[in-house]
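S.K.: Structure in structure tokens, see below.
The values are calculated or read from the model by the stated rules, or taken from the named source; none is laboratory data. The shown structure was predicted, so the numbers you read here are calculated from the model rather than taken from an experiment. Here the Cβ positions follow ideal geometry from the backbone for every residue, glycine too, while neighbour counts run over all protein chains shown. Note: accessible area is taken over every heavy atom of the protein model, side chains too, but ligands, DNA and RNA are not part of it. Shrake-Rupley method; radii C 1.70, N 1.55, O 1.52, S 1.80 Å.
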Amino acid sequence: METERLVFRDYTKNDFEHLYTMTREPSVMKYIRHGGPWTKEETLQTLEKFIQWNKAGKGLLLAFNKEDNQLVGTSGLIPQVIEGKEELEVGYWVREQYWGQGYGYEQANAWKEQGLKLGHKRLISLIQHGNTGSMRIAQKNGMIHEKDVDIIGKQVAVFSLEV
């Protein structure tokens, strides 16, 4: 899949450094999972999960800038279970050096459109409170704040879009 400025591809076993580039950045990880940089072990376990998801045609993909082939972030459609209900999340991370340049929205919008094209009638984004940038992106992407849920001990906003 591609957008105007980005090209996406599945994760492979050779992408540990790409993923670790993001997971070791405190600013990027502040609102993801436990809220801090990940260890190499956490990153390796997550890479394996991303590879398995990709083999099943879902999950996060790497996003590269078409112009210089630099890693911008990761994004995709992530299977989630929220309060016992299966959901499909539009998820997106952007490396700090690319913040404020529209890459978050570009990724989120592309995956929203892909989810709708695949026939999904409902999509969500899970955003930890305090992450106002991602909340703005979700709203710009047509989502509304539906409710808050507890995920691993953190209050997380569920933004949703239903068609």
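S.K.: Once you list every other residue whose beta carbon is under 14 Å from the beta carbon of Phe64, what net charge do they have if Lys and Arg are +1 and Asp and Glu are -1?
M.R.: Taking every Cβ under 14 Å from that of Phe64, the sum is -4.
S.K.: Okay, moving on. Counting only protein heavy atoms, what percent of the accessible surface of the chain is carbon or sulfur at a 1.4 Å probe?
M.R.: Accessible surface attributable to carbon and sulfur in the chain totals 49 percent.
S.K.: How do the peptides 91-97, 76-82 rank, highest first, by the average count of neighbouring beta carbon atoms within 10 Å per residue?
M.R.: 91-97, 76-82
S.K.: Place the peptides 127-134, 150-157 in order of packing, highest mean first, counting for every residue the other Cβ atoms within 10 Å and averaging per peptide.
M.R.: So the peptides 127-134, 150-157, ranked by packing, come out 127-134, 150-157.
S.K.: Quick check for me: using +1 on Lys/Arg Cβ and -1 on Asp/Glu Cβ, what's the dipole size of region 58-150 about its Cα centre, in debye to the nearest 20?
M.R.: Value, rounded to 20: 280 debye.
S.K.: Still on this structure, please answer the following. With every protein chain left in place, what is the accessible area per residue of region 83-163 in square angstrom, probe 1.4 Å?
M.R.: 53 Å²
S.K.: Using helices alone, what [θ] at 222 nm do you get for the chain, with -39,500 (n - 2.57) per DSSP H run of 4 or more residues, divided over all residues and rounded to the nearest 500?
M.R.: Counting only the DSSP helices, I get -9500 deg cm²/dmol.
S.K.: Now, a different point. Under the classification rounded if a/c is under 1.5, otherwise prolate if a/b is larger than b/c and oblate if not, where does region 48-90 fall, given a ≥ b ≥ c as square roots of the Cα gyration tensor eigenvalues?
M.R.: Prolate.
S.K.: Follow-up question, since we're still on this one. Count of lysine pairs in the chain with Cα atoms under 13 Å apart, counting only pairs 8 or more residues apart in sequence or on different chains?
M.R.: Lysine pair count for the chain: 6.
S.K.: Still on this structure: Which value in nm describes the separation of the simple spin-label points at Lys13 and Lys140, placed 7 Å from the Cα toward the beta carbon?
M.R.: 3.9 nm
S.K.: So, in Å, what gap is there between the alpha-carbon centers of region 2-38 and region 104-163?
M.R.: 18 Å
S.K.: Another question, then. In terms of the Cα gyration tensor, with a ≥ b ≥ c the square roots of its eigenvalues, is the chain rounded because a/c is under 1.5, prolate because a/b exceeds b/c, or oblate?
M.R.: Rounded.
S.K.: Given Cβ point charges of +1 (Lys, Arg) and -1 (Asp, Glu) and nothing else, what value in debye, to the nearest 20, does the dipole of the chain about its Cα centre take?
M.R.: For this selection, approximately 120 debye.
S.K.: Put a dot 7 Å past each Cα toward the Cβ at Arg24 and Gln155; how far apart are the dots in nm?
M.R.: In this crude spin-label approximation the distance works out to 3.5 nm.
S.K.: At 7 Å along the Cα-to-beta-carbon direction for both Asn69 and Lys55, put a label point, then send me their distance in nm to one decimal.
M.R.: 2.7 nm
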